[in-house]
Amino acid sequence: MDYNIWDYFMIRTPALPFYYLEEYRNSNKDIYSFISENETLDNFLKNALLVSSKSLYYSYINKPKEEKNIEIYVKAY
């Protein structure tokens, strides 16, 4: 069995400052609304999702209309 060495790699680490978490905890919004209302945070999340999971990315940009479907997506990922 041969292994090939590639000249690129990806490190997956949390990259957002903690103040976003505090801001979210202090808000009365659901997580989708909180993220989508902040353009910087929304773009960051879209890019991260697109790199890690195309299906989750498409689920995020096509937000389900019903609360029940949102819960299914949250539990799946």
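The values are calculated or read from the model by the stated rules, or taken from the named source; none is laboratory data. From a predicted model like this one, the values you see are computed outputs, not experimental measurements. Here the Cβ positions follow ideal geometry from the backbone for every residue, glycine too, while neighbour counts run over all protein chains shown.
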*at pLDDT 85 or above, in a helix (DSSP H, G or I), touching a Leu at 6+ places or on another chain (Cβ under 8 Å) and surrounded by 10 or more Cβ atoms within 10 Å (Cβ to Cβ) - does that describe any residue in the stretch 24-33?*
no
*Would you be able to tell me the number of residues in the stretch 44-58 that are small (Gly, Ala, Ser) and either in contact with a Lys or Arg (Cβ under 9 Å, 6 or more places away or on another chain) or under 16 Å from residue 16 (Cα atoms) (or both)?*
2
*Kindly provide the set of residues from the stretch 34-63 that are acidic (Asp, Glu), under 11 Å from the mean Cα position of the chain (by Cα) and either part of a loop (DSSP other than H, G, I, E, B) or on the phi > 0 side of the Ramachandran plot (or both), ordered by number.*
none
*Determine the pairs where a residue that is more than 21 Å from residue 51 (Cβ to Cβ), located within the stretch 14-33, has a partner that is hydrophobic (A, V, I, L, M, F, W, C) and surrounded by 11 or more Cβ atoms within 10 Å (Cβ to Cβ) with Cβ atoms under 6 Å apart, the partner being 6 or more residues away or on another chain.*
24/34; 27/34
*Exactly one of (1) exposed (fewer than 15 other Cβ atoms within 10 Å of the Cβ); (2) part of a helix (DSSP H, G or I) is unmet by residue 6. Its number?*
(2)
